[in-house]
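Participant: The structure's right below; bear with me while I get my questions together.
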Amino acid sequence: MVKLPGVVLNNGLQIPIFGLGTWKSQPGQVTQAVKDAIDIGYRHIDCAFIYGNENEVGEAISAKIEEGKVKREDLWITSKLWNTFHRPDLVEGALRKSLKNLRVDYLDLYLIHWPMAYKEDGELFPKDEQGNILFSNVDYVDTWKELEKAVQKGLVKSIGLSNFNRKQIERILNVATIKPVINQVECHPYLTQDKLLNFCKSKGIVITAYSPLGSPDRPWAKADEPKLLDDPKLVNLAKKYNKSTAQVVLRFQVQRGVVTIPKSVTKSRIAENFNIFDFELSKEDLECIGSFNVNQRFVPMTAALGHPHHPFENDEY
Ligand SMILES: NC(=O)C1=CN([C@@H]2O[C@H](COP(=O)(O)OP(=O)(O)OC[C@H]3O[C@@H](n4cnc5c(N)ncnc54)[C@H](OP(=O)(O)O)[C@@H]3O)[C@@H](O)[C@H]2O)C=CC1
Ligand SMILES: CC(=O)C(C)=O
């Protein structure tokens, strides 16, 4: 079995560079998918409270630990604090819910899922009568201080950010006594995130690439929209390496040190995606894939446009 390379974080811990995404993985399918992934060699599972399937992911994790296939310490489990739980008094409770669902007594990594806070104490997507999301004015800087307390209490080993732009990361760094280890953001050949990647590197923050395959099953995808994996230039490159297009775009990320978390509930694809550690893209081909960038977001979070902390509205990166 391939031993997964790791990336060393600014707190000295090592995150496996490759993991399994679980957004949109149906509760009836995700338990088997996570079990298959662990059998194949995955040791990193990317979860979130808002995915509504942490309980079923937890079933797989506990089954594999009970079976003796892995020990808890062999696994890297990430979860994320949802937008309605940013208020400082709600953070620990939300984290404890994820721990309970996932059947673990600590998380390896807990992320603030988005910088925008939503109105607390109700629906996960609170809306007014016109269907607009109801915002909260909690500042993510105050939320961060609660994540730091969770580290001190031993509930999480590492803490980080997701969907934060440069200015927002700088605001966190200005107050942090524990630095974020990671910023998890959308990243693939159409959105290579070079500027954010360089900025994060300069601050000792690792990038995790979400939607690395272009999220073809995102709920708002239109049938006639071009799919990243069908891009003829990528298809040609894949032929050259005798690999699939998915394998080439995943290899692109790990080869430049970006942690990558493709989602699949299909056993053959879970195995295919993992099978990227036996080839190397040439320097020219890495540059060529990098040149496909068009700053295209498949997950633009348009529902929260107008929020003062929306990360993609006012700043370049
Ligand atoms: N922090 C954040 O805000 C966000 C985090 N994420 C995280 O990142 C993960 C990955 O992103 P996601 O948006 O799910 O999209 P991905 O880019 O990982 O694409 C997933 C889709 O690709 C299909 N697929 C998987 N492998 C292959 C393959 N080898 N060939 C062809 N198709 C394939 C899957 O199908 P099937 O399952 O049917 O096999 C599924 O439809 C999420 O699941 C989540 O964990 C994602 C978005 C936002
Ligand atoms: C998938 C996800 O994490 C979103 C849309 O927040």
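Rule-based calculations on the coordinates, nothing more; no lab input. Values in this document were obtained by computation on a predicted structure and should not be read as measured data. Cβ atoms come from the backbone with ideal geometry, glycine included; neighbour counts cover every protein chain shown.
Participant: Calculate, for ASP224 and ASP194, the FRET efficiency according to 1/(1 + (r/R0)^6) with r their C-beta to C-beta distance and R0 51 Å; round to the nearest 0.05.
Facilitator: The formula returns an efficiency of 0.95 here.
Participant: Output wanted: per-residue J couplings in Hz (rounded whole) for the range 178-183, from phi through Karplus 6.51 cos²θ - 1.76 cosθ + 1.60, θ = phi - 60°, x for Gly and Pro.
Facilitator: For the range 178-183, the Karplus-derived couplings read 10, 6, x, 8, 9, 10 Hz, x marking Gly and Pro.
Participant: Determine one quarter of the surface area of the Cα convex hull of the range 164-301, which equals its mean projected area, and express it in nm² to one decimal.
Facilitator: 9.4 nm²
Participant: Also, I was wondering about something else. Would you calculate the separation in nanometres between label points at ASP89 and LEU305, each defined as 7 Å from the Cα along the Cα-to-beta-carbon direction?
Facilitator: Roughly 3.5 nm, to one decimal.
Participant: Same structure again: Under the rule of at least 5 residues apart or a separate chain, name every residue whose amide H is placed under 5 Å from the amide H of SER162.
Facilitator: Here the answer is ILE112, GLN184, since their amide H atoms fall under 5 Å of that of SER162.
Participant: Computed over the Cα atoms of the range 87-215, what is the ratio Rg over Rh, Rh following Kirkwood?
Facilitator: 0.98
Participant: Going 7 Å from the Cα of LYS145 along its beta-carbon direction, which residues of the range 163-177 have the amide nitrogen within less than 15 Å of the resulting point?
Facilitator: Counting only backbone N, you get 172-177.
Participant: Based on the alpha-carbon gyration tensor of the range 1-137 and its eigenvalue square roots a ≥ b ≥ c, which shape applies: rounded if a/c is under 1.5, prolate if not and a/b is larger than b/c, or oblate?
Facilitator: In terms of gyration-tensor shape, prolate.
Participant: Let me ask something else about it. Rounded to whole Hz and in sequence order, give me ³J(HN,Hα) for the range 5-12 from the Karplus expression 6.51 cos²θ - 1.76 cosθ + 1.60, θ = phi - 60°, writing x for Gly and Pro.
Facilitator: x, x, 10, 7, 8, 6, 9, x
Participant: Please work out the Cα convex hull volume for the range 1-81 and give it in Å³ per residue.
Facilitator: Expressed per residue, the convex hull around the Cα atoms of the range 1-81 is 92 Å³.
Participant: Measure out, as a whole number of angstrom, how far apart the alpha-carbon centroids of the range 121-173 and the range 275-317 sit.
Facilitator: About 22 Å separates the Cα centre of the range 121-173 from the one of the range 275-317.
Participant: Once you put a point 7 Å from the Cα of ARG96 and another 7 Å from the Cα of SER62, both along the Cβ direction, what distance in nm separates them?
Facilitator: 1.8 nm
Participant: Could you give the length gained on full extension between SER282 and GLN152, defined as 0.36 nm per residue of separation minus the Cα-Cα distance, in nm?
Facilitator: 42.4 nm
Participant: For the chain, what log10 I(q)/I(0) values come out of the Debye formula at q = 0.08, 0.10, 0.11 1/Å, with one point per alpha carbon and no solvent?
Facilitator: Evaluating at q = 0.08, 0.10, 0.11 Å⁻¹ gives log10 I(q)/I(0) of -0.34, -0.54, -0.66.
Participant: Set the Förster radius R0 to 35 Å, insert the Cβ-Cβ distance between GLU316 and ARG72 as r into 1/(1 + (r/R0)^6), and round the FRET efficiency to 0.05.
Facilitator: Working from the Cβ atoms, E equals 0.30.
Participant: Per residue of the range 247-257, what does 6.51 cos²θ - 1.76 cosθ + 1.60 with θ = phi - 60° give for ³J(HN,Hα)? Whole Hz please, x for Gly and Pro, Karplus curve as stated.
Facilitator: 5, 5, 6, 6, 4, 3, 6, 5, 5, 9, x
Participant: Using a 10 Å cut-off on Cβ atoms, rank the peptides 270-280, 246-256 from the highest mean neighbour count down.
Facilitator: 246-256, 270-280
Participant: Continuing with this model, one more query. Let me understand the range 202-282 better: what is its radius of gyration from the alpha carbons, and its Dmax, in angstrom?
Facilitator: Cα-based Rg and Dmax for the range 202-282 come out at 13.4, 40 Å.
Participant: Please pull out the direction-averaged projected area of the range 168-217, using the convex hull of its alpha-carbon atoms, in nm² to one decimal place.
Facilitator: Reported value for the Cα convex hull: 3.9 nm².
Participant: Give the shape of the range 130-201 as rounded, prolate or oblate, defined through the alpha-carbon gyration tensor: a ≥ b ≥ c are the square roots of its eigenvalues, a/c under 1.5 means rounded, and otherwise the shape is prolate if a/b is larger than b/c and oblate if not.
Facilitator: In terms of gyration-tensor shape, oblate.
Participant: Here's a follow-up. Set the Förster distance to 22 Å, then compute FRET efficiency between SER291 and VAL8 from the Cβ-Cβ distance, nearest 0.05.
Facilitator: Calculated transfer efficiency: 0.15.
Participant: Here's another thing I want to ask about it. Testing the spin-label approximation: label points 7 Å from Cα along Cα→Cβ at LYS267 and LYS201. State their distance in nm.
Facilitator: Computed distance between label sites LYS267 and LYS201 equals 4.0 nm.
Participant: Additional query: In terms of modelled amide H atoms, which long-range or inter-chain residues lie less than 5 Å from the amide H of PHE135?
Facilitator: LYS119
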